[in-house]
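Student: Quick one: the structure is below, and I'll ask about it shortly.
Every read-out reported here was derived from the displayed coordinates using simple, explicitly stated rules and does not represent laboratory data. Computed from a predicted structure; not experimentally measured. Please note: Cβ atoms are built from the backbone with ideal geometry, for glycine as well, and neighbour counts cover all protein chains shown.
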Amino acid sequence: MSPRLRMIVAKLGLFPGLAYYLRAKHGSGLMQATPPGTTRSLWLRAGTSDAKVFEDIFLRDQYELPTDFVPETVVDAGANVGYAAVFFAQRLPGARIIAIEPEASNLDVLRLNAALYPNIEVVAGGLWSCDTRLVVCNPDEAKWAIQVREAPDDDDAADALPAHSVETLMARFRLGRIDLFKIDIEGSELNLFSSLNVSRWLPKVRRLVIELHDRAGYPAGITAAFDAAIAPYPHTRRQRGEDTIVEFQGAIPC
């Protein structure tokens, strides 16, 4: 039995774990899986990267983070099919959760999963430094690895996606602060943290959980831009797997 299958069986039980493993690995189309500790099943696409994301979040506890406060506002940028948003909704039933995702097929499954949780609000589009339009630049990649770029002004492509700035989202949803800001936007963090606009919203963030894609296949300079953006604000920083976790001491308190 492989380490992955042992972990799945340990978390889901023998027969449910085996059924999930075989369908997720060899099946196709939509299937359902039930995270441990809940009776609400979630949708995933068999034979895709959805299974790894489901396992990272619900079986490996990727976002199980100790905290000395209860977040009331959560923004999940790069929500994929909604597993992180659901994870937060399960643990923070009183929180308002804004889930943002640009890719159309991901959005379809995200909406199915978010429908189970009234405190999750779904936004179609990408996170960017300004309100504009984006196009996918690697459509053949796995759905969790979709990268985007800004559409040229003269590009009237029907597949262009809306892009939202953090300020626009905060104004739209009347957020005075973001208690927990999860960002996994496949390289777009370079645009987000290189902009001078970052100073307008970063002081209103209390905890930031971000994957910095500073590696081959992504734009250069992501970590440097991020480091420069957060440097003016008192904070602590630690690494947990691929996620950088930043706690800002000077953020607007709860």
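Student: Charges on Cβ only, +1 for Lys and Arg, -1 for Asp and Glu, centred on the Cα centroid of the chain; of VAL246, VAL209, PRO71, which one is farthest towards the dipole's positive end?
Tutor: Result: PRO71, furthest along the dipole toward the positive end.
Student: LEU161's amide H: which non-local residues (gap 5+, or another chain) put their own amide H closer than 5 Å, with H modeled 1.01 Å from N in plane and none for Pro or chain starts?
Tutor: LEU134, VAL135
Student: Here's something else I'd like to know. Not counting the cut sites, what is the longest span of the chain without trypsin sites (Lys or Arg not before Pro) that DSSP labels loop and that have at most 14 other Cβ atoms within 10 Å?
Tutor: Numbers: sites that count: ARG40, ARG60, ARG174, ARG215.
Here the longest run is 61-173.
Student: Still on this structure: Would you mind checking which residues have amide H under 5 Å from ALA99's amide H? H placed 1.01 Å from N; only 5 or more apart, or other chain.
Tutor: Amide H neighbours of ALA99, under 5 Å, 5+ apart: ASP76, GLU121, VAL122, VAL123.
Student: To one decimal place, what Kirkwood hydrodynamic radius in Å is obtained for the chain from all pairs of distinct Cα atoms? Show your work: numbers first, answer last.
Tutor: Working: mean 1/r = 0.0530 Å⁻¹.
Hydrodynamic radius (Kirkwood, Cα only) of the chain equals 18.9 Å.
Student: Could I ask something else about it? Nearest 0.05, what FRET efficiency do SER199 and ALA19 give at R0 = 45 Å with Cβ-Cβ as r?
Tutor: Working: r = 50 Å, r/R0 = 1.12.
Result of the calculation: an efficiency of 0.35.
Student: What ³J(HN,Hα) values, in whole Hz, does the Karplus curve 6.51 cos²θ - 1.76 cosθ + 1.60 give for region 172-178 when θ = phi - 60°, with x put for Gly and Pro?
Tutor: Coupling constants for region 172-178: 4, 9, 6, 9, x, 7, 10 Hz.
Student: Full extension from THR38 to SER105: what is 0.36 nm times the residue separation minus their Cα-Cα distance, to one decimal in nm?
Tutor: Numbers: separation 67, 0.36 × 67 = 24.12 nm, distance 2.54 nm.
Gain on extension, THR38 to SER105, equals 21.6 nm.
Student: Run the numbers for ALA220 and ALA10: contour at 0.36 nm per residue of separation, minus the present Cα-Cα distance, in nm.
Tutor: Details: separation 210, 0.36 × 210 = 75.60 nm, distance 3.97 nm.
Using 0.36 nm per residue and subtracting the Cα-Cα distance, I get 71.6 nm.
Student: Could you let me know the centre-to-centre spacing of region 214-232 and region 31-85, using Cα atoms, in angstrom?
Tutor: 26 Å
Student: I've got another one for you. Would you mind pulling out the separation of the Cα centroids of region 183-201 and region 104-118, in Å?
Tutor: That distance is 25 Å.
Student: For the chain, which span is the longest to avoid every loop-located (per DSSP) member of chymotrypsin sites (Phe, Trp or Tyr not before Pro) having at most 14 other Cβ atoms inside 10 Å? Spell out each step's value before the answer.
Tutor: Working: sites that count: PHE69, PHE173.
The segment 70-172 is the longest one with no such site.
Student: Still on this model: Could you pull out the GluC sites (Glu not before Pro) across region 17-94 that fall in loop regions by DSSP (anything but H, G, I, E, B) with no more than 15 other Cβ atoms inside 10 Å?
Tutor: On the way: sites: GLU55, GLU64, GLU72; in loops: GLU64, GLU72.
Listed in order of number, the matching sites are GLU64.
Student: For the chain, what does the helix formula give at 222 nm: sum of -39500 (n - 2.57) over DSSP H segments with n ≥ 4, over the residue count, nearest 500 deg cm²/dmol? Please list the in-between numbers first.
Tutor: Working: 9 runs with 74 residues, N = 254.
For the chain, the value works out to -8000 deg cm²/dmol.
Student: Let me ask something else. So how strong a dipole does region 1-141 carry about its Cα centre when Lys and Arg Cβ are +1 and Asp and Glu Cβ are -1, to the nearest 20 debye? Numbers along the way, then the final one.
Tutor: Values: 13 positive and 15 negative charges, 131 e Å.
Once rounded to the nearest 20, the dipole reads 620 debye.
Student: Can you divide the C-alpha Rg of region 1-80 by 2.2 N^0.38 Å and report the result to two decimal places? Write out the running numbers ahead of the final one.
Tutor: Values: Rg = 13.9 Å, N = 80, 2.2 N^0.38 = 11.6 Å.
In units of the globular-protein estimate, region 1-80 measures up at 1.20.
Student: How big is the charge dipole of the chain about its Cα centre, in debye rounded to the nearest 20, if each Lys and Arg gets +1 on its Cβ and each Asp and Glu gets -1 on its Cβ?
Tutor: 1100 debye
Student: What is the spin-label model distance, in nm, from GLU167 to LYS52 if the labels are put 7 Å beyond Cα along the C-beta direction?
Tutor: 3.7 nm
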